[in-house]
Amino acid sequence: MAQGENELFARLDRLEVTTQTYHHPPVRTVEEARRLRSRMPGLHCKNLFLKDSTDRLWLVVAEEDRKVDLKRLEKAIGAGRLSFGKPDLLQETLGIEPGAVTPFAVINDTARRVQIVFDRTLLGNRPVHCHPLRNDRTTQISPADLVRFVADCGHQPMVVDFDALADKGPAP
């Protein structure tokens, strides 16, 4: 059974991670979430749940305005052809619904089927904002604490310099 918001915050407390959570109307897209930004300073995440042609699963966590070229990303992470994962697979592996995709969902990936990939931009000094397993809240966390949480859940994140991917010329 998937762990929920209470278990997430209990784990963050156990790790002595400081967070701040904002309540807001449900949002399912980056565009909808942008309307709420004035009271939430820092970087905001765009999360892509992907499956490759060899059935490996990926959770790509990028800065919300980042354009993600899947062909270049495939090469950078050593993936087969990438496509978006289906909602039932998202629920099965990460225990969440579309619209609530978040790096916090690795708390539910006890089989470690999903490889998390962070955009290097997110790992600077500014706070990062992610949904806490539901899309009517946004939680602020330091990048270092987010990486520590992911590691505590048994995942070793890959870090990709998306700026370098954008500078490589035409896609292969």
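With only Lys, Arg, Asp and Glu charged, each at its Cβ (+1 for the first two, -1 for the last two), find how big the charge dipole of segment 37-97 is about the Cα centre; round to the nearest 20 debye. Write down the numbers at each step before the final one.
Values: 12 positive and 10 negative charges, 59 e Å.
Charge dipole, segment 37-97, about its Cα centre: 280 debye, nearest 20.
Can you give me the convex hull volume of the Cα atoms of segment 73-157, divided per residue and expressed in Å³? It would help to have the intermediate numbers written out before the result.
Numbers: hull volume 8.3 nm³, N = 85.
For segment 73-157, the hull spanned by Cα atoms encloses 97 Å³ per residue.
Determine the calculated [θ] at 222 nm for the chain from helices alone, applying -39500 (n - 2.57) to every DSSP H run no shorter than 4 residues and normalising by the residue count; nearest 500 deg cm²/dmol.
Values: 6 runs with 46 residues, N = 172.
The helix contribution divided over the chain gives -7000 deg cm²/dmol.
Let me make sure I get this right: for segment 108-148, a, b and c are the square roots of the gyration tensor eigenvalues over alpha carbons, sorted descending. Under 1.5 in a/c it's rounded, otherwise prolate if a/b > b/c, else oblate. Which is it?
On the way: a/c = 2.20, a/b = 1.18, b/c = 1.86.
Judged from the Cα gyration tensor, segment 108-148 comes out oblate (a/c at least 1.5, b/c at or above a/b).
Out of all DSSP beta bridges in the chain, what portion is antiparallel? Express it as a percent rounded to 5. Display every interim value, and only then the final one.
Numbers: 17 of 27 bridges.
About 65 percent, rounded to the nearest 5.
Check cross-link reach from LYS86 to the aspartates and glutamates: straight Cα distance under 15 Å, and skip same-chain residues fewer than eight apart.
Straight-line reach from LYS86, under 15 Å: ASP52, ASP55, GLU97.
In segment 96-136, if the dipole is taken from +1 on Lys/Arg beta carbons and -1 on Asp/Glu beta carbons about the Cα centre, which of VAL114, GLY124, GLY99 is farthest to the positive end?
The residue sitting most towards the positive pole is GLY124.
How far is helix 143-152 tilted off the main Cα axis of the chain, in degrees rounded to 10, range 0 to 90?
90
Once the Cα gyration tensor of the chain is diagonalised, what are the square roots of 5 times its eigenvalues, in whole Å and ordered largest first, as equivalent ellipsoid semi-axes?
They are 24, 19, 16 Å, listed largest first.
Rounded to the nearest 20 Debye, what is the dipole magnitude of the chain about its Cα centre when Lys and Arg each give +1 and Asp and Glu each give -1 at the C-beta? Each step should come with its number before you reach the end.
Working: 25 positive and 24 negative charges, 64 e Å.
Using Cβ point charges on Lys, Arg, Asp and Glu, the chain gives about 300 debye.
Would you mind checking which residues have amide H under 5 Å from LYS46's amide H? H placed 1.01 Å from N; only 5 or more apart, or other chain.
Long-range HN contacts for LYS46: ALA62, GLU63, GLU64.
Within the chain, what whole-number % of the accessible surface is contributed by carbon and sulfur, with the 1.4 Å probe and all protein chains included in the calculation?
Working: 4310 of 8840 Å².
Whole-percent figure for carbon plus sulfur exposure: 49.
Which aspartates and glutamates have a Cα lying under 12 Å from the Cα of LYS51, excluding residues fewer than 8 positions away in the same chain?
GLU74
Apply 1/(1 + (r/R0)^6) to the Cβ-Cβ distance of GLU31 and ASP152, taking R0 = 35 Å, and write down the FRET efficiency to the nearest 0.05.
Details: r = 32 Å, r/R0 = 0.92.
Efficiency, from the Cβ-Cβ distance: 0.60.
The values are calculated or read from the model by the stated rules, or taken from the named source; none is laboratory data. Note that the structure is a prediction, hence the values are computed from the model and not measured. Reconstructed Cβ throughout: ideal geometry from the backbone, glycine too, with neighbour counts over all protein chains shown. SASA here: full protein model, heavy atoms, side chains in, ligands and nucleic acids out. Shrake-Rupley method; radii C 1.70, N 1.55, O 1.52, S 1.80 Å.
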